[in-house]
Amino acid sequence: MTAASSPGPAYPRVATLRTPEDLRAHLGRIHARLGFDDELQSGSSSPLGRPLDVEGVRVGNRFCILPMEGWDGTRDGHPSELTERRWRNFGRSGAKLIWGGEAVAVRPEARANPNQLQINPGTQKALAGLRETLVAAHRERFGRDADADLYVGLQLTHSGRWARPHVKDRPEPLVGYAHPVLDRRFPGGVRLLSDDELDRLVDDFVRAARLAHEAGFRFVDFKHCHGYLGHELLSARGRAGRYGGDFENRTRFLRGVIDAIRAAVPALGIAVRLSIFDTVPFRKDASGRGVAEVSAEGYESAFGLLAGEDFDSALGDARALLRVLEEKGVRWICTSAGSPYYNPHVQRPALFPPSDGYTPPEDPLCGVARQIEATARLKADFPRLVFVGSGYSYLQEWLPRVGQHAVARGHTDLVGLGRMVLSYPDMPADVLEGKALRRKAICRTFSDCTSGPRLGLVSGCFPLDPFYVKHPDAERLREAKAALA
């Protein structure tokens, strides 16, 4: 599978690929290997409707709600009415695995924005209420005992380099090492976290995990993706001290947090969302198109550097880490790739870039196919691990058929939904109930759910969710985008 060679944004919209023949022909033109089923099954006979049983945990179907970073909490880290509405939608979606629902910061300075949720003794009750809101919505939609096979966790995060805890447009980067490219994006400088600070941060994650368990969450996701602190430390080859250099040191933080949570909260499940490969950072060129900022040759600041389409080499780092996780009894893995901050076309394929993004340098279907293939390769290598795949939203109408194909063939265990659930929270239920998809609700990757927060507005689907179409921030977003244009 190779990237499309088109120099501009003139890729066909997925909505115009109406038949299986249309999609196959287009995938052939762009040399993307992406399997799908011509017919969609429903109910318990569908691969997507089959329950999954793992070490005493039952997940009732193969749909998962992925964690997203909210911009609509309060300044002290509590959920707002908008946050509760989003979690209510997660509950009524029909998905049986809720992978965190939200990225929740373990310290105030760890927030990626001033309105991100935090977990501490003061917010614990509100976070417990958020989970209860989700479960109640699930029961209301699917029956009184429907939550018996619902598995709900919380994602714990430290935003590291991408922290903006106080003012939306003022970065306060706390980095794992001096990055030869990304440091230049912070004119005010970056602050390197010391070994002692990372030692103390292990304790913060353990306290957060204990609070999450007491609040009713059955597992926590220890976030290692998208350039945030955990992910960055995995590539800290040039860092001195206990947390940098060789593989053992670069995984010390991950291993330390897992061991400490196991000791302190043995009944709590642990999961890891991982960027399984990365690329060099990209930037916008004069035409607005994304281009590589540096050459991949000699670049050492990536965990799993993908140069061309050499998957075997790129996935070597992920394989080494998955071996560590498997040895430690971590079974639940959610795959992602790259970062929304420096190569969003790799991490979150979209036809329309966010306000601070670039036109994709390839047909976004190439990015989807790449993530699905990489996950399939790792699933084949680690059959005992439970994998949740990402990158499916750009598939739009084809998402259920691609997901069904991937699950039926063992390429992934569950299909993760991120942006799609903001515009169309009922998609899992509609698919499993055999209903026709509501085309007007399908995410078209307009990227307003990213542009809004990047401009300091709330989280939501402004083009397609009737609630957000009428929200005051919708007009502010239109004005801001017009000014940028």
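Under the simplified labelling scheme, the Arg139-Thr19 pair shows an inter-label distance of 4.9 nm, with each label point 7 Å from Cα along Cα→Cβ. A straight Cα-to-Cα reach below 20 Å connects Lys284 with the lysines Lys481, residues fewer than 8 places away in its own chain not being considered. Of the beta bridges in the chain, as assigned by DSSP with both residues counted there, near 15 percent are antiparallel. For Lys328, the lysines whose Cα falls under 19 Å of its own Cα, not counting residues fewer than eight places away in the same chain, are Lys223, Lys379.
Distance between the pseudo-spin-label points of Arg170 and Glu214 (7 Å out from Cα toward the beta carbon): 3.2 nm. Relative contact order of region 1-132, taken over Cα pairs closer than 8 Å and 6 or more residues apart, is 20 percent.
Modelled spin labels at Arg283 and Val469, positioned 7 Å past Cα toward Cβ, are 4.0 nm from each other. The coefficient of translational diffusion for region 342-485, derived via Stokes-Einstein from the alpha carbon Kirkwood radius under 10 °C and 1.306 mPa s, stands at 98 µm²/s.
Ordering Leu174, Ala302, Pro79 by the projection of their Cα atoms onto the charge dipole of the chain, which places +1 on the Cβ of Lys and Arg and -1 on the Cβ of Asp and Glu, puts Pro79 at the extreme positive end. Between Glu55 and Arg409, the C-beta separation translates, for a Förster distance of 22 Å, into a calculated FRET efficiency of about 0.40.
The length gained on full extension between Arg438 and Asp38, counted as 0.36 nm times the residue separation minus their Cα-Cα distance, comes to 142.1 nm.
Residues whose amide H lies under 5 Å from that of Trp71, counting only those 5 or more places away or on a different chain, are Ser459; hydrogens are built 1.01 Å from N in the peptide plane.
Once Rg and Dmax of the Cα atoms in Å is calculated for the structure shown, the corresponding label among (i) 21.8, 68; (ii) 20.7, 58; (iii) 24.0, 70 turns out to be (ii).
Charged neighbours of Arg139, selected by a Cβ distance under 15 Å, balance to +1 (K, R count +1; D, E count -1). Over the chain, what is the mean sequence separation of C-alpha contacts under 8 Å (at least six apart), divided by residue count, expressed as relative contact order in percent? RCO, the chain: 17 percent.
Using r as the Cβ-Cβ distance of Ala263 and Glu326, and R0 as 22 Å, what FRET efficiency do you calculate, to the nearest 0.05? Taking R0 as 22 Å, the efficiency between Ala263 and Glu326 is 0.70. Of the GluC sites (Glu not before Pro) in region 202-258, not one is in a loop by DSSP (not H, G, I, E or B) with at most 15 other beta carbons within 10 Å.
Set the Förster radius R0 to 41 Å, insert the Cβ-Cβ distance between Ala296 and Ala128 as r into 1/(1 + (r/R0)^6), and round the FRET efficiency to 0.05. In this case the efficiency is close to 0.35.
Coordinate-derived values only; no laboratory data. All values reported here derive from a predicted model rather than from experimental measurement. Methodologically, a virtual Cβ is constructed for each residue, glycine included, from the backbone with ideal geometry; neighbour enumeration extends over all protein chains shown.
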